[in-house]
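Could you have a look at this structure, given as structure tokens, before my questions?
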Amino acid sequence: MDAIISVKNLSKTYASGQHALKNVSLDIRRGEIFALLGPNGAGKTTLISIICGIVNPGSGIVLADGHDIITEYRKTRSIIGLVPQELTTDVFESVGATMSFSRGLFGKPPDDAYIEKVLRDLSLWDRKDTKIITLSGGMKRRVLIAKALAHEPRILFLDEPTAGVDVELRRDMWNMVRGLRESGVTIILTTHYIEEAEQIADRIGIINHGEIILVEDKHTLKRKLGRRQLKLTLRNPISRIPEGFSEFKLELTPDGMTLVFDFDANAGETGIAGLLKRLDERGVDFSDVNSSESSLEEIFVNLVRNGN
Amino acid sequence: MNFYAVMAIYKFEMARMWRTLFQSIASPIISTSLYFVVFGTAIGSRIGDIGGVTYGAFIVPGLVMLTLMSESISNASYGIYMPRFAGTIYELLSAPVSSMEAILGYVGAAASKSVILGALILVTARVFVPYNIQHPLWMVGFLMLTAVTFSMFGFIIGIWADGFEKLQVVPLMIVTPLTFLGGSFYSIHMLPPFWQKVTLFNPVVYLISGFRWSFYGVSDVDVRISLGMTLVFLTVCIVLVWWIFRTGHKIKN
């Protein structure tokens with residue numbers, strides 16, 4: 001695996017005594033979209049902040065593109081861009097000026113054509129001379145993204161970039177993220193909108209209480225930990241599951257109208273055929289059948305709840 | 001050397017000055033001019049010469065120093081405190097910028113503003129008080145050295161402060177009294193012998209004395225000692241700033 005970011009045994013304890021990260025090890029693959037999920041205070045922002053150089057690590061090693069983030073900080077920071085969680089901008093600056101500032105800060109020579117391209121991609125070009133203080137929250141978020149892209153980073157961290165952003169802008173942002181990935185940029189994002197991670201990410205990492213609970217390919221994660229269910233809507237309500245179904249993992253809904261069957265989709269024998277046959281033998285009529293699988297959100301909630 | 005970063009910080013800080021022209025330039029010039037009018041022209045005409053220099057001319061170097069020091073501290077402390085306060089410092093911390101480059105940008109801009117202001121005050125003073133400069137190169141040297149030293153000091157205050165009140169405490173409660181008592185308006189030889197000795201513990205005395213020497217060739221303290229003390233203060237500030245960046249004290253968690 002070609003890891004563009006490699007975190008090894010990283011720990012961090014703040015002066016307050018809060019143990020924010022506990023021996024975290026994690027590899028981010030080059031060119032992937034990696035979603036880091038976790039409840040508030042799980043350690044997501046601390047992890048990102050250490051990789052970007054904002055917070056001092058406690059112990060452990062972090063490499064970005066093979067370079068140590070402490071001893072070779074110039075190399076690592078020049079290829080990393082960060083969109084922070086908070087809307088922190090120099091509000092009295094204009095959009096164009098703040099982006100030029102960011103580009104210079106990261107050691108890049110002025111490039112008006114590139115700045116125009118990024119601002120156009122983010123629908124900010126017609127606001128380039130506008131003071132940031134006059135922009136809406138959503139537009140300020142775009143400015144932060146533009147600033148993070150100003151130095152043409154190869155790794156982009158998005159720390160809850162869509163918090164408080166309207167649906168249209170959110171969709172635009174994810175399209176932009178996909179476009180960046182197409183151009184070879186590795187994206188690491190945290191979000192509270194798990195369905196977004198489900199849609200956009202290649203791999204998912206879940207962090208809780210400063211520990212990485214799991215890192216898995218999105219589809220594998222759903223396959224491994226997701227529940228698949230078959231729901232059978234009965235013609236006539238029943239008060240309890242009839243005799244002769246003990247080998248099937250069945251539940252009856254309180255209204256007595258639906259039988260829910262949990263099955264393993266990866267198993268050679270799911271048991272569905274046997275169940276349908278048994279229902280027919282026992283004269284249990286049903287009018288409708290549908291199957292469903294757990295969402296990433298359900299998997300996430302279950303994992304975090306178990307961790308607590 | 002990340003030259004582009006130094007220039008970006010420098011230009012950003014200078015742009016802040018042009019955005020707040022009245023506060024940054026006009027206001028200190030007006031208030032210093034009032035000193036020239038009141039102490040130089042009105043009251044000064046009733047006070048005798050000091051070391052062969054008219055009182056109005058005598059106070060010019062002291063008043064320039066007063067403004068230079070307070071504005072250097074103010075410019076540099078706000079320059080670094082505001083990103084901390086607003087949270088925009090994340091960008092500086094995540095950029096490939098060394099502590100030396102950050103200092104060059106922030107302190108360079110703050111010192112530049114102060115030097116521009118000092119020059120404007122000197123020009124304005126000429127309207128009210130006739131004065132001459134015997135050692136113009138030394139005058140420029142002291143002006144720049146003081147601007148850089150106090151900008152560095154202001155930078156430290158901007159990192160140390162965790163509120164707007166603390167930003168004001170050092171300039172108002174320490175620097176201004178030291179400047180007023182450091183010979184801005186009088187020669188320390190006018191003080192009783194005991195207080196002359198006590199005054200020598202005030203570092204500002206050496207700055208004002210050296211600066212005044214560059215104008216009129218007269219000083220309270222030997223100019224070499226003045227220069228030496230200024231360089232010592234600058235070195236202390238550089239070491240402190242280096243330590244702050246090295247450890248991330250009050251900048252990084």
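Can you tell me which residues in the stretch B:103-125 are more than 10 Å from chain A (Cβ to nearest Cβ) and among the small types (Gly, Ala, Ser)?
The first filter runs over the stretch B:103-125 and keeps only residues more than 10 Å from chain A (Cβ to nearest Cβ), leaving B:103-104, B:106-125.
Listed by number, the residues that qualify are B:Gly108, B:Ala109, B:Ala110, B:Ala111, B:Ser112, B:Ser114, B:Gly118, B:Ala119, B:Ala125.
Considering only the stretch A:72-96, state which residues are of a type outside the set (Val, Ile, Thr), without any contact (Cβ under 8 Å) to a residue 60 or more places away in the chain, buried (at least 17 other Cβ atoms within 10 Å of the Cβ) and within 7 Å of chain B (Cβ to nearest Cβ).
A:Tyr73, A:Arg77, A:Asp90
Sticking with this one: Is one or more of the residues making up the stretch B:147-158 of a type in the set (Ser, Thr, Tyr) and either more than 21 Å from B:Val107 (Cβ to Cβ) or exposed (fewer than 14 other Cβ atoms within 10 Å of the Cβ) (or both)?
First, pick out the residues of the stretch B:147-158 that are of a type in the set (Ser, Thr, Tyr): B:149, B:151.
Narrowing the set further to residues that are either more than 21 Å from B:Val107 (Cβ to Cβ) or exposed (fewer than 14 other Cβ atoms within 10 Å of the Cβ) (or both) leaves none.
Scanning the stretch B:147-158 turns up no residue that is of a type in the set (Ser, Thr, Tyr) and either more than 21 Å from B:Val107 (Cβ to Cβ) or exposed (fewer than 14 other Cβ atoms within 10 Å of the Cβ) (or both).
Continuing with the same structure: From the list B:Glu91, B:Glu71, pick out the single residue that is assigned to a helix (DSSP H, G or I), charged (D, E, K, R) and more than 16 Å from B:Leu21 (Cβ to Cβ).
None of the others qualify; the one that does is B:Glu91.
Looking at (1) more than 10 Å from every other protein chain (Cβ to nearest Cβ); (2) modelled with pLDDT of 90 or more, which is the only condition A:Arg142 fails?
Tallying (1) more than 10 Å from every other protein chain (Cβ to nearest Cβ); (2) modelled with pLDDT of 90 or more, A:Arg142 fails exactly one: (2).
Only one of these conditions is not met by B:Ala95: (1) modelled with pLDDT of 90 or more; (2) surrounded by fewer than 24 Cβ atoms within 10 Å (Cβ to Cβ); (3) within 28 Å of A:Asn56 (Cα to Cα); (4) not β-branched (Val, Ile, Thr). Which number is it?
Just one mismatch for B:Ala95, condition (2).
Here's another thing I want to ask about it. Taking only the stretch A:107-140 into account, find how many residues are under 23 Å from A:Gln85 (Cα atoms) and touching a strand residue (DSSP E or B) at 6+ places or on another chain (Cβ under 8 Å).
Qualifying residue count, the stretch A:107-140: 4.
Any idea which of (1) of a type outside the set (Lys, Arg); (2) touching a Leu at 6+ places or on another chain (Cβ under 6 Å); (3) at pLDDT 85 or above is the one A:Ser291 doesn't satisfy?
Exception for A:Ser291: condition (3).
Go through (1) outside any helix (DSSP H, G or I); (2) crowded, with 16+ Cβ neighbours inside 10 Å; (3) of a type in the set (Gly, Ala, Ser) one by one and return the number of the condition B:Gly48 breaks.
Every listed condition holds for B:Gly48 apart from (2).
Moving on. Name the one entry in B:Ser187, B:Ser226 that is of a type outside the set (D, E, K, R), modelled with pLDDT of 85 or more and surrounded by 15 or more Cβ atoms within 10 Å (Cβ to Cβ).
Answer to the check: B:Ser226.
Can I ask one more? Of the conditions (1) touching a strand residue (DSSP E or B) at 6+ places or on another chain (Cβ under 9 Å); (2) closer than 24 Å to B:Gly108 by Cα, B:Val232 satisfies every one except a single condition; which number is it?
Of the numbered conditions (1) touching a strand residue (DSSP E or B) at 6+ places or on another chain (Cβ under 9 Å); (2) closer than 24 Å to B:Gly108 by Cα, the odd one out for B:Val232 is (1).
What's the number of the only condition in (1) of a type in the set (D, E, K, R); (2) at pLDDT below 90; (3) crowded, with 21+ Cβ neighbours inside 10 Å that A:Asp172 fails to meet?
(3)
In the stretch A:47-80, how many are farther than 21 Å from B:Phe245 by Cβ and in contact with a Phe, Trp or Tyr (Cβ under 7 Å, 6 or more places away or on another chain)?
1
Here's the yes/no breakdown for (1) touching a His at 6+ places or on another chain (Cβ under 6 Å); (2) farther than 30 Å from A:Gly81 by Cβ; (3) among the hydroxyl-bearing types (Ser, Thr, Tyr); (4) more than 14 Å from chain A (Cβ to nearest Cβ):
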{"residue": "B:Ser70", "(1), (2), (3), (4)": "no, yes, yes, yes"}
{"residue": "B:Met82", "(1), (2), (3), (4)": "no, no, no, no"}
{"residue": "B:Leu92", "(1), (2), (3), (4)": "no, no, no, no"}
{"residue": "B:Gln134", "(1), (2), (3), (4)": "no, yes, no, yes"}
{"residue": "B:Met139", "(1), (2), (3), (4)": "no, yes, no, yes"}
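Condition first: out of contact with any helix residue (DSSP H, G or I) (no Cβ under 7 Å at 6 or more places or on another chain) and within 9 Å of chain B (Cβ to nearest Cβ). Can you find one or more residues in the stretch A:111-119 that meet it?
No, that holds for no residue.
Could I ask something else about it? What tally of residues in the stretch A:238-293 results from selecting those that are free of Cβ contacts under 8 Å to residues at least 40 places away in the same chain and aliphatic (A, V, I, L, M)? I'd like the intermediate steps shown before the answer.
At the first step, the residues of the stretch A:238-293 found to be free of Cβ contacts under 8 Å to residues at least 40 places away in the same chain are A:239-241, A:243-264, A:267-271, A:273-274, A:276-278, A:280-281, A:283.
Filter once more, keeping what is aliphatic (A, V, I, L, M): A:241, A:250, A:252, A:257, A:259-260, A:267, A:273, A:276.
Counting residues in the stretch A:238-293 that are free of Cβ contacts under 8 Å to residues at least 40 places away in the same chain and aliphatic (A, V, I, L, M) gives 9.
Given the criterion within 13 Å of chain A (Cβ to nearest Cβ), over 24 Å from A:Ser49 (Cα atoms) and among the polar types (S, T, N, Q), identify the matching residue among B:Thr20, B:Thr32, B:Thr88.
B:Thr20
Restricting attention to the stretch A:120-134, which residues are more than 14 Å from chain B (Cβ to nearest Cβ) and more than 28 Å from the chain's Cα centre (by Cα)?
Across the stretch A:120-134, the qualifying residues are A:Trp125, A:Asp126, A:Arg127, A:Lys128, A:Thr130, A:Thr134.
Among the residues that make up the stretch A:46-59, is at least one of them surrounded by 15 or more Cβ atoms within 10 Å (Cβ to Cβ), outside any loop (DSSP other than H, G, I, E, B) and more than 14 Å from chain B (Cβ to nearest Cβ)?
Checked against the condition, which is being surrounded by 15 or more Cβ atoms within 10 Å (Cβ to Cβ), outside any loop (DSSP other than H, G, I, E, B) and more than 14 Å from chain B (Cβ to nearest Cβ), the stretch A:46-59 yields no hits at all.
The values are calculated or read from the model by the stated rules, or taken from the named source; none is laboratory data. Every value quoted in this text rests on a predicted model; they were computed, and no experiment measured them. Neighbour counts run over all protein chains shown; Cβ positions are idealised from the backbone, glycine included.
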